[in-house]
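The values are calculated or read from the model by the stated rules, or taken from the named source; none is laboratory data. Predicted model, so just to flag it, every value in this text is computed and none were measured. Please note: Cβ atoms are built from the backbone with ideal geometry, for glycine as well, and neighbour counts cover all protein chains shown.
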Amino acid sequence: MTAPTTTGPDLGEVTVTDEGRPSAARRFGPLAVVAAVVVGLLLGYAGGLLTPKLTRPGDTSAEAGFVRDMTTHHTQAVEMGLLAFKGGSDPEVVSMGGDIAAGQQGEIGVMQTWLRSWGLDPTGSQPRMAWMPDGESMIRDGLMPGMATPEEMAKLRTAQGREKDLLFLDLMIDHHNGGIHMIDGILDVSDEAEVVRVAQTMKNVQQKDLENLVAARDRLKG
Amino acid sequence: MSISTPGGPERRPTVVSTGKKPAAGRPASGAKAGADKSTGATPRPSAGGKGKGPRKPIAPVKVSQGRSWGPIALFVAVGVLAVAIIGYGAWAAFQGSKPWEDRASGIDGVVNFRKKDPELVKGSNHKQGSITYAQAPPVAGPHNATWQNCMGDVYDAPIANEHAVHSLEHGAVWITYRPDLAADQVTKLRDRVQGQEKMMLSPYEGQDKPISLQAWGFQLKVDNADDSRIDEFIKTLRVNASIEGPTANCGPPGITATGTTPRDGTPMPTQ
């Protein structure tokens, strides 16, 4: 009995007194509406703050694993490239060495910047290649696919002339093949747009390099 | 209706404009409702109980009060939730990405020369010849123009401080061990270093603990290669401790030769 009678006059009154004013303010009062707006803004702000943090790659993600391992892989290519640039005798070997060293060093900078923006350390806590399916089985003597052994690096350091040129070409061809294998690994599992884009670029560069490295080796071997 | 507005004045005119009977009774109780719960609530039951002609004027007041607490409770609840979410986010962000400096200080036994001797750690000039360091092994300071190759190199003989300090500046963690350290212990250290750029390992004559770890401005000495603080030190300080950032070079023309006498003017010397 109370209910119908209360709503009756109430509705009537609202319609009568509404006079085009917002019904929310009418119904709840301006302070309540302001409070609702403020709370809504705070919620949106909190969501905006949290979303990037919750969705960015974590310490054990495939992306972080790839970035750390590819940094190690690239760093050895830089070392090889600098040795060829400094001590190679064939002009194409010298220029490719410099090109690869400078290019991969730049990519290391990109990858390390990702780690920093993801709030992660350059050093991971997972085993090498753990981010890639069956990745750990690809490791030989602690080395990732295509990487030169300490003995091979020592040999590259001391070799001279044509021997150095050919050793560089052999080692870098293996290195790029291994690198492309790892890049395919991240392309298979990641949907992080920027990572995928840069990984694809790396693959393009290394595939193009490979053609030139193989051609140079054929030429030097006569 | 206008619950949360104690501003009776705004409410009153609208009611007045209806020109109904209730107008007289409502503004008074409406004002009360905004100002005070208890007084506003008490008239309700009695009003409903009477059920006479005047029930109309009183009933609307009851409705407005009933509606008022729902939204208020909702806003409070949502507000508390929002604050909780923001608070959690801030806390998680703070904990999760605690600066590496804080984490380094949290490693038991680590010596932080950034605090202890800020001048030493600022960055240093290249110097030729032998340099005397206050720490053994050294952790920072002036150094030779050429760095020791720190591409996960495992040196089986002592290396020159002057080159090694330059490697620290480039972000390397340099692990040293007393030459009398057991072979299996050395193997455990080697496994952490080999093939990992920005790392190097060498024996060191005259250090006061079996194993010592150096990063630019940080040092940790331990007795055993199984000590978990070794990995903690590496994870926290490798590259991070460098004052030159993650792209400093550890490869050529870094020196790969051993021997404790620094080499000047010998670009890319070989063994």
* **Residues located in the stretch A:82-128, provided they are among the polar types (S, T, N, Q) and either modelled with pLDDT of 95 or more or within 28 Å of B:ASP191 (Cβ to Cβ) (or both)** => A:SER89, A:SER95, A:GLN104, A:GLN105, A:GLN112, A:THR113, A:THR123, A:SER125, A:GLN126
* Just wondering, is there one or more residues in the stretch A:131-142 that are in contact (Cβ under 8 Å) with a residue 12 or more places away in the chain, over 30 Å from B:ASN240 (Cα atoms) and either in contact with a strand residue (DSSP E or B) (Cβ under 8 Å, 6 or more places away or on another chain) or in a helix (DSSP H, G or I) (or both)? -> no
* Asked: Given the structure, is A:ASP141 at the interface with another protein chain (Cβ under 10 Å from one of its Cβ atoms), exposed (fewer than 14 other Cβ atoms within 10 Å of the Cβ) and at pLDDT below 95?
  -> yes
* Matching entry among B:TYR133, B:TYR88 (being touching a residue at least 24 places away in the same chain (Cβ under 8 Å) and hydroxyl-bearing (Ser, Thr, Tyr)) -> B:TYR133
* Restricting attention to the stretch A:94-112, which residues are in contact with a Pro (Cβ under 8 Å, 6 or more places away or on another chain) and either more than 8 Å from chain B (Cβ to nearest Cβ) or not hydrophobic (A, V, I, L, M, F, W, C) (or both)? -> A:GLY109, A:GLN112
* State whether the residues of the stretch B:62-72 include one that is modelled with pLDDT under 75, within 8 Å of chain A (Cβ to nearest Cβ), touching a helix residue (DSSP H, G or I) at 6+ places or on another chain (Cβ under 6 Å) and under 30 Å from A:PRO30 (Cβ atoms). => yes
